[in-house]
């Protein structure tokens, strides 16, 4: 295991400022659509990456993918089917007594296409291992 735990949640807007995570309308799990297919203005994903003290000062690979109702991978961006990046944490002496450090991340997906109703989920992998998911249901709003 990579020594990284992840808490993930959905939000309407997520901003990272000075290492702190700011989220609005966080914690939802149902997306109501007037019609399907549709385009959602914004879907935000908040991540709290908890890095064990022994896993700091190491580059970790982060990957986010979106799965549809049948477990199929859905497009997450215009050019890449998955969002990928790396992160690392320093371990200054002043925080050496902490068992883990937290890295906050906010990812906003603008003009997100929704092509089917049912269960969807963002899957978060660290160092090639799926460690968290943020599930949600897409429901057709009654007329």
Reviewing (1) 17.1, 63; (2) 24.8, 95; (3) 16.4, 59, the figure for Rg and Dmax of the Cα atoms in Å actually calculated from this model sits under (3)
Between residue 2 and residue 35, Cβ-based FRET efficiency (R0 30 Å, step 0.05) works out to 0.15
Of all DSSP beta bridges having both residues in the chain, the percent classed as antiparallel (nearest 5) is 90 percent
Relative to the compact-globule estimate 2.2 N^0.38 Å (N residues), the Cα gyration radius of the stretch 50-90 stands at a ratio of 1.55
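Quick note: the coordinates plus some simple rules give every number you see, no bench work behind them. The structure displayed is predicted, hence computed values, not measured ones. No Cβ is skipped: glycine too gets one built from the backbone with ideal geometry, and neighbour counts run over all protein chains shown.
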